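Read-outs throughout are calculated quantities, based only on the coordinates presented, and are distinct from any laboratory measurement. Here the structure is a predicted model, which means the values were calculated and not measured. We place every Cβ from the backbone using ideal geometry, glycine too, and count neighbours over all the protein chains shown.
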Amino acid sequence: MILFKNNIFYLNTNKTTYAMGVFNDGILAHLYWGKRIYNEFCADEVFDFQHRHMAAFDCDCKSTDYIPLEYAPQGGADLRIPSMEATYSDGSNLTVLRYCDYEILNSKPKLSGLPATYAEEGDKVETLVVHMRDELQNLDVYLSYSVFEELDAITRSVRIVNNGEKFRLTKAMSFSMDFYGMPKSDLIHLDGCWGRERTVTRREIVHGNQNIESRAGASSAYHNPFIAVCDKETTENSGDAYGFSLVYSGNFVAGIEMDPYGCGRVYMGINPCKFEFILENGEDFQCPEVVLAYSSNGLSGMSQIYHKLYRTRLCRGKFRDADRFVLINNWEATYFNFDEDKIVKIAEKAAKLGVDTMVLDDGWFAGRVDEMAGGLGDWLENKDRLPNGLKKLSERINALGMHFGLWFEPEMVNPVSRLFEAHPEWILHVKGRTQSLSRYQYTLDLTNKEVCDYIIGAVGRVLKSANIEYVKWDMNRYMSEVGSEFLPKEKQGEVMHRYILGLYYILETLTSQFPNILFESCSSGGGRFDPGMLYYMPQTWTSDTTDALERIKIQYGTSFVYPYSAMGAHVSACPNHQLGRTTPFRMRCDVALPGQFGFELDLNKCTDEEIETSRRAVEKYKELRNVFHRGTCYRLRSPFSTDLSVLEFVSEDENTVILCVYSKIPTVLAADEYIKLYGLDEKATYKLGGKTYGGDYLMNKGYKLCNNVEYASSVLGFIKIN
Ligand code: GLA
């Protein structure tokens with residue numbers, strides 16, 4: 001898997017090769033990443049870097065300004081965007097890293113305090129740790145590369161160790177990589193806002209720096225911590241696609257700077273904006289992990305690598321491989337207007353349809369009249385709404401044969417709460433300045449372990465007070481006026497990263513204390529849908545927008561990185577609460593089916609026909625979820641470019657193929673559309689209803705959509721018969 005020969009490191013997965021080399025004077029040069037290469041590289045050629053006029057020679061007779069580098073600290077001859085910046089005790093800000101040695105491990109070590117992908121016993125995974133050093137500053141930098149041979153993924157991370165005098169670290173990317181041949185390439189990213197998360201944006205890479213970032217204190221709905229670089233010709237199912245995904249839930253930056261010679265430096269890591277870390281002698285800084293996925297089979301091929309890796313080696317715990325719950329959530333059904341009987345009535349109706357979990361959303365705790373009124377932070381029971389308590393309600397839900405689930409927003413506090421009264425200093429704020437409210441709440445200061453332990457205690461107490469088997473962990477505001485009374489003044493630049501470390505500590509503790517609870521993460525919908533959160537909670541509420549047509553796009557964009565098994569997807573009432581649009585009931589079911597399926601409405605208000613459609617949808621979901629969640633997903637038509645959106649899922653055993661077809665504007669007698677399928681056995685025969693098709697026919701001629709889509713949506717199951 002990992003080989004070092006003639007000064008070149010080869011990192012091989014089944015289908016890819018990543019290579020870097022130690023050049024004169026200890027420069028670690030990036031040489032290649034792409035389709036598997038079995039032969040050795042020609043060293044004379046790969047180390048022959050073209051001289052550029054005006055570049056300063058800082059390594060023998062060459063310049064780091066044009067050598068493609070594996071990591072690029074600032075201050076030397078390299079004038080491109082740096083991956084690391086520091087100010088040392090002597091006032092200088094030049095870091096000079098030179099190769100020292102390397103180590104190959106037969107495993108993948110954990111990252112201290114941070115989520116990351118992992119290896120299980122028997123996995124073919126190796127880790128290369130390359131040791132770089134700045135002799136003058138007594139600084140050691142360890143570049144780690146883990147190779148998942150069978151999953152075709154490579155992860156990178158960086159650890160910076162100070163063995164010298166105290167200094168200020170002001171930028172520490174998780175990786176950078178210099179690619180030649182950038183002209184004629186595109187950059188893809190997923191951007192949006194509340195309710196319109198992960199819109200796919202594809203733009204040309206031009207000279208200069210192009211980036212996306214979050215400064216919100218969470219990975220955010222504005223940008224997802226993911227970018228892809230691909231050729232102009234790359235499509236969903238053909239061409240080169242290079243993906244970069246950061247396992248982190250806070251501020252990040254990701255981008256590419258293309259120099260005048262067509263070399264692009266791709267980088268990703270914690271956003272240097274609002275970031276600074278003081279490293280004393282003997283202290284280290286661990287950067288979050290970035291996951292690299294290359295495919296020569298286009299963007300779907302790249303996503304398939306992420307789906308499998310994240311589903312099986314990022315998500316953890318009892319629910320990783322289990323069929324999850326089929327939920328009904330009362331939020332859109334009742335908002336704050338509920339009592340015990342109303343919740344039980346919703347559950348009763350749902351239970352008859354095969355729904356197995358009733359989730360009680362916001363409003364169950366004392367002080368919570370509406371979102372303007374207090375209670376966040378205290379987590380005491382609301383005896384007005386639930387006079388018999390959560391225990392009694394959970395018992396009544398359990399008596400219906402259902403699990404009981406509960407909403408929390410533990411990172412927040414309302415100004416009207418016992419907690420804030422007792423500890424006004426426990427919120428993020430800058431002393432002497434007004435702290436702004438958002439949704440009438442403040443963010444708790446998770447840099448303070450006492451605050452973290454309070455949250456663990458308060459949430460834990462509620463979880464033990466009744467039979468709670470599911471938790472929706474919400475977070476509904478971004479950070480502003482960021483400061484901590486707990487940290488000394490020289491460490492105020494550390495607050496936003498330390499907040500995330502505090503959050504990870506809380507999640508690690510609670511998920512280990514309650515291994516039998518299914519945790520779902522949420523941030524006003526998908527405002528913190530990132531790999532960091534998936535490490536602790538295997539699913540996320542994808543978006544507050546439940547309108548079917550919008551959801552097609554949101555889920556499609558989300559699937560660039562995240563598997564459908566990670567996406568909470570519910571059927572809601574119409575006119576839709578976010579948009580006022582009415583879509584067919586069956587379409588709402590069909591759109592939610594591939595995700596973690598559930599309902600977000602009062603089924604007692606549905607017509608008999610809608611109830612029957614719901615019953616059939618639950619049945620179909622239970623029959624097909626294995627294929628949606630564990631199969632291979634191909635995106636065949638994008639809702640961002642056409643009115644038709646098509647997804648294909650091929651089961652792990654390759655015997656079932658599901659086609660999800662959604663049409664924004666169904667047209668009577670429209671032109672025939674043929675959808676070419678992927679991943680079939682070309683010699684096999686597939687059956688759909690009463691018809692049979694050859695695998696090669698479906699892949700080359702395609703499946704003909706009748707009259708476009710009869711009901712605006714269809715979920716079709718092909719079965720391999722021989
Ligand atoms: C957020 C969530 C919603 C709901 C509300 C409750 O907006 O995304 O699903 O839980 O909070 O206040």
> Projected onto the charge dipole of the chain (+1 at Lys/Arg Cβ, -1 at Asp/Glu Cβ, origin at the Cα centre), which of SER296, PHE226, LEU353 gives the Cα projection farthest towards the positive end?
Replying inline: LEU353
>> Given axes a ≥ b ≥ c from the Cα gyration tensor, I'd like to know whether segment 455-574 is rounded (a/c under 1.5), prolate (a/b larger than b/c) or oblate.
In response: oblate
> If the label point is 7 Å along Cα→Cβ of SER480, which residues in segment 187-206 have backbone nitrogen under 19 Å from it?
Replying inline: 193-195
> So, with +1 on the Cβ of K and R and -1 on the Cβ of D and E, and no other charges, what is the size of the charge dipole of the chain about its Cα centre, to the nearest 20 debye?
Replying inline: 1640 debye
> Where Lys and Arg each count +1 and Asp and Glu each count -1, what net charge lies around TYR454 among other residues with Cβ under 12 Å from its Cβ?
Replying inline: -2
>> Considering only C-alpha atoms, what is the centroid distance from segment 181-221 to segment 14-86, in Å?
In response: 26 Å
> Distances over 17 Å make up what percent of all Cα-Cα pairs in segment 380-485?
Replying inline: 60 percent
>> What Kirkwood Rh does the chain have if only Cα atoms enter the pairwise 1/r average? Answer in Å.
In response: 26.9 Å
>> How would segment 52-211 be classified by its alpha-carbon gyration tensor: rounded, prolate or oblate, with rounded meaning a/c under 1.5 and the a/b versus b/c comparison settling the rest?
In response: oblate
>> With unit charges on the beta carbons (Lys and Arg positive, Asp and Glu negative) and the dipole taken about the Cα centre of the chain, which residue among GLY389, GLY76, GLY483 sits farthest to the positive side?
In response: GLY389
>> I need TRP33, TRP331 ordered by Cβ neighbour count within 10 Å, fewest first.
In response: TRP33, TRP331
> What shape does segment 277-426 take by its C-alpha gyration tensor, where a ≥ b ≥ c are the square roots of the eigenvalues and a/c under 1.5 counts as rounded, a/b above b/c as prolate, and the rest as oblate?
Replying inline: oblate
> Can you give me the relative contact order of the chain as a percent, contacts being Cα pairs under 8 Å and 6 or more apart?
Replying inline: 10 percent
> About its Cα centre, how strong a charge dipole does segment 445-582 have in debye, to the nearest 20, once Lys and Arg get +1 and Asp and Glu get -1 at the Cβ?
Replying inline: 220 debye
> For segment 603-656, which chymotrypsin sites (Phe, Trp or Tyr not before Pro) are in a loop by DSSP, counting at most 15 other Cβ atoms within 10 Å?
Replying inline: PHE640
> Kirkwood hydrodynamic radius (Cα pairs, Å) of segment 25-111?
Replying inline: 15.4 Å
> Which residue, chosen from PHE9, TYR38, TYR66, occupies the Cα position most advanced towards the positive end of the dipole of segment 3-138, where the dipole is computed from +1 (Lys, Arg) and -1 (Asp, Glu) charges on Cβ about the Cα centre?
Replying inline: TYR38
>> So for segment 182-332, averaging the separation of alpha carbon pairs under 8 Å that are six or more residues apart and normalising by length, what relative contact order in percent results?
In response: 22 percent
